Amino acid sequence: MNRLIYYIVTLILTIGYSADSLAFQSEEIVSSIEEFNTAVDNAEPGSVIVMKDGKWKDVALKFTGEGTSKSPITLKAQTKGGVTIEGESYLELGGNFLIVEDLFFTNGYTPTNTVIQFKSDKRIANNSTVKNCVIENFTQPDRDTDDHWVEFWGRNNALDHCYIAGKSNTGPTVRVYLKGNEHINNRHQIVNNYFGPRPRKGGPHGETLQIGDSYTSMTPSYTNISHNLFDRCNGEVEIISSKSNFNTFSNNVFFESEGSLVLRHGNYATIDANLFIGNDNSSNIGGIRVINTGHWITNNYFYKLTGEEFRAPLAVMNGIPKSPLNRYNQVTDVVVAYNTWIDCGTPWNFGVGSNVDQSEVLPASEIRSARAERMLVANNVIYSDRESAITRRYDSIDGVTFKNNTIGGAVVNDINDTGVLSNAITIEQKGDILFIPKEKLDEVHMGFDFETIKTDLFGGSRENQPRAGAVVIAPEKGRKLVDFSKYGPSWFKPKEENKNIPAITVSTAKALIEAIEKGESGAEILLEKGEYVFTKPLDITKKITLKAKNVKQKVKMSFNTEDAAFKMHPNGRLALENISINGTNKQDAIRTLEKQMSSAYNIFITNSQFENFKSILQTSKSSFADTIQIKNSKFINFQNGIQLANETDDTGEYNAEFLIVENSNFENFQNSVIDYYRGGYDESTIGGNMILTGNTFSLSGLADETKILIKNRGIVHVTVADNTFKNNSVDLIAVLWGEKGQKPVNNKITNSGEFKIVENLELKLMY
């Protein structure tokens, strides 16, 4: 009888399983794109399509179907990370309740506009998830080609525990679209991801996340961006560009990322419990930039952020009266409460972007004169050993109300208001970079809706525990504030650069060529005394250092080549030390590839001499150098100098981020010694950096039509100090941009023209 009951119960339970639950057991391994397509066509709720481990190259993966909430359709790798998607490949999702997991995109790029898209043809994805996937260096061959690595369409889609890094071409890494009713109120989830390093791009359109665009910015999105790590996302001044309404940014870590979380368009964002971590080496690492209305900025922790203006720890912008959708609306009804700034430069910047004094060169639609109104700054804590004011003001702050803010350390209170209490706190260290006040600070302002701020930075309850600053309940002492292992897929770890590469010693040109071609990236190649003669250019495809083995013994490299001595490839890094390099006046010393310069290159020249070349550096339009650094070197007999002026579309792009020249000599150049150009007016493009100190420029410029020795039009950060200019056949040494604070300092000029300062530089509007 008992056995009969057992079988009856078993039968009932078996029958009771839904068809969806039984379908979930349906797994099919596919090993080709043809098998994949067939499996997709036949997929039903609960189907699991398993891609066989191996390399899938040049594949268009169109994953469509109709799953259910209980029985989604799943696409996954046979083993986690065992499927690499390479070549010209992409993935599209279309339908409902689809899951993609454990795929690895590498060694390729998309032939379309996206790598992963929540839409396939006209079929939109909803309620679908991409998780535990990796997209690494899946960048376009040409830097100027625009694409996105992930595109959100539809509603209720998620990007979860993914690792995404290395995009170097134009376009945001992740883009959320709101074009049409089927895409608004979308409630997408971007959570638990590791957004790894995005290199400097040199111009706009290098965001890591963009949520909406200017023309859909007044629509509700409700996208949630939480528990993500943004690690050195340096693409441009905006790490995140929020361009829609009701988005939430919470519990994210922004680690040494050269940009800001920017509320670019749209209203009513919530920014809560995020970490913004900088260092003492960069003033480009930003915090939060505020535009528009109704935002709540609470429980955030800012550490060692020293930037100003657009990259300030907190940048509150001026708006444009009756602003068009693609410009800047006035800041109104914004709350900044219960935040902490530790060891930051000037924490609060108000009136950022104010440009009334540029009215002579800008149309009325560009004049940012609308100050913040009805803004409340309350219950915040600022502490620093740096002696600096708490505000930098570019306009009046009459529209800002301060309540119960507390400062301590060497910070100077420049606000004549009872809402800021000076020197009232001391701090104690509770973690590697976590500092909190020793004092309780329980006298807080309870503004409208402040009771809705229920937790602190770490999720500790604020109810019945009033305390200013981001932290109510301190964590255990010694806590590490950022755990990198928490983000992205557990199965993936990015490769670490090998820093223990043995040096290679060579004594012949043949051996040097072989060492460059076969040596490991990062290798140091030591050249024995003698002359090295080359009839072909040296291709720099990796990190290479060439230096004299003995600095007291002369090493000479001679080039009888057609176009260049050195050819820079994407990701190439050339360092030259203590070497004499000669040409025949027929070739450039260094030249980039004409096409497919997908990623930045770097050049470092120290204690070296170049003689008899067409140019020091000749660049192509789409090429980009992160850093060009020249120290204690000499350049003699050139037609042209450093050529960084091929981005002429006036769209904010430029050919190098940093040009640093120190204690070097430039003699007998027929034309200009430097030509460095950024065209197009865009206040958010704040790059281009040129530093010239301690150099000598002589006998140059005779054949230059412009009669300008150093051309730096549109470059924002320029330092020209302690140089000597003698016997140069030019009218102008350089034209400096006064509005950006550029001025010559302590230069010696003999028979070499003069500096000209233009206060307001007229540039073509980009929009």
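Quick note: the coordinates plus some simple rules give every number you see, no bench work behind them. As the structure is a computational prediction, the values presented were derived from the model and not from experiment. Every residue, glycine among them, receives a Cβ derived from its backbone with ideal geometry; neighbour counts consider all protein chains shown.
Taking every pair of distinct Cα atoms and averaging 1/r, then inverting, what Kirkwood hydrodynamic radius in Å comes out for the chain? When all Cα pairs of the chain are included, the Kirkwood radius is 28.5 Å. Model label points for residue 511 and residue 79, set 7 angstrom from Cα along the Cα-to-Cβ axis, are 4.3 nm apart. You can think of it this way: the chain between residue 357 and residue 560 has 67.7 nm of extra reach, that is 0.36 nm per residue less the Cα-Cα gap. Name the lysines eligible as straight-distance cross-link partners of residue 430: C-alpha to C-alpha under 20 Å, and not fewer than 8 places from it in the same chain. Answer for residue 430, where 20 Å is the Cα cut-off: 304, 438, 440, 477, 480, listed by chain and number.
When the helices of the chain are scored as -39500 (n - 2.57) per DSSP H run of n ≥ 4 and the total is divided over every residue, the value at 222 nm lands at -1500 deg cm²/dmol. Do you know the relative contact order of the chain, to the nearest whole percent, from alpha carbon pairs under 8 angstrom that are 6+ apart? Relative contact order of the chain: 6 percent. Between the Cα long axis of helix 509-518 and the first principal axis of the chain there is an angle of about 10°, rounded to the nearest 10.
Extending 7 Å from the Cα toward the beta-carbon at both residue 398 and residue 580 defines two label points whose distance is 7.0 nm. Take the Cα of residue 426, step 7 Å toward its Cβ, do the same at residue 485, and the gap between the two points is 3.6 nm. Taking every DSSP beta bridge that has both ends in the chain, the antiparallel portion is near 5%. Classified by the C-alpha gyration tensor, region 640-767 has a prolate form. Its axis ratio a/c, with a ≥ b ≥ c, is 1.5 or above, and a/b is larger than b/c. Amide H to amide H distances under 5 Å link residue 293 with 268, 332, where only residues 5 or more positions off or on other chains count and H is placed in the peptide plane. The Cα trace of region 500-559 gives Rg and Dmax of 10.9, 32 Å, the first to one decimal, the second as a whole number. A Förster radius of 30 Å, combined with the Cβ-Cβ distance separating residue 722 from residue 387, puts the computed FRET efficiency at roughly 0.65.
Across q = 0.11, 0.14, 0.17, 0.25 Å⁻¹, region 137-233 modelled as identical point scatterers on its alpha-carbon atoms has Debye log10 I(q)/I(0) values of -0.32, -0.51, -0.75, -1.30, in the order of the q list.
For a modelled paramagnetic label at residue 53, 7 Å from Cα along Cα-to-Cβ, the residues of region 72-100 in reach, with backbone nitrogen under 11 Å, are 78-83.
For the set 499/542; 131/454; 499/711; 55/621; 529/711; 403/454, the pairs lying more than 26 angstrom apart at their alpha carbons are 131/454; 499/711; 55/621; 529/711.
Evaluate E = 1/(1 + (r/R0)^6) for residue 553 and residue 743, where r is the Cβ-Cβ distance and R0 equals 45 Å; express this FRET efficiency to the nearest 0.05. Taking R0 as 45 Å, the efficiency between residue 553 and residue 743 is 0.55. Among the trypsin sites (Lys or Arg not before Pro) within region 521-582, those in coil by DSSP and having at most 14 neighbouring Cβ atoms inside 10 Å are 529, 552, 554. The orientation-averaged shadow of the Cα convex hull for region 267-493, equal to a quarter of the hull surface, comes to 14.3 nm². Quick one: which residues, 5+ away or cross-chain, put their amide H under 5 Å from the amide H of residue 414? H built at 1.01 Å from N. Excluding prolines and chain starts, which carry no amide H, the hits are 390, 391. With all projection directions averaged, the alpha carbon convex hull of region 214-360 covers 8.5 nm². Over all orientations, region 445-526 has a Cα convex hull whose mean projected area works out to 11.4 square nanometres. Footprinting exposure proxy ranking of 702, 61, fewest other C-beta atoms within 10 angstrom first, gives 702, 61. For region 221-229, the Karplus equation 6.51 cos²θ - 1.76 cosθ + 1.60, evaluated at θ = phi - 60°, returns couplings of 10, 6, 6, 10, 10, 9, 6, 9, 10 Hz by residue, with Gly and Pro reported as x. A convex hull fitted around the alpha carbon atoms of region 102-194 yields 89 Å³ per residue. For residue 158, the residues 5 or more places off, or on other chains, whose built amide H falls under 5 Å of its own are 128, 129, 130, 189. For region 640-767, the relative contact order works out to 23 percent when only alpha carbon pairs closer than 8 Å and six or more residues apart are counted. Compared with the dominant Cα axis of the chain, that is its longest principal axis, helix 33-42 is turned about 30°. Counted over region 267-493, the DSSP beta bridges are approximately 10% antiparallel.
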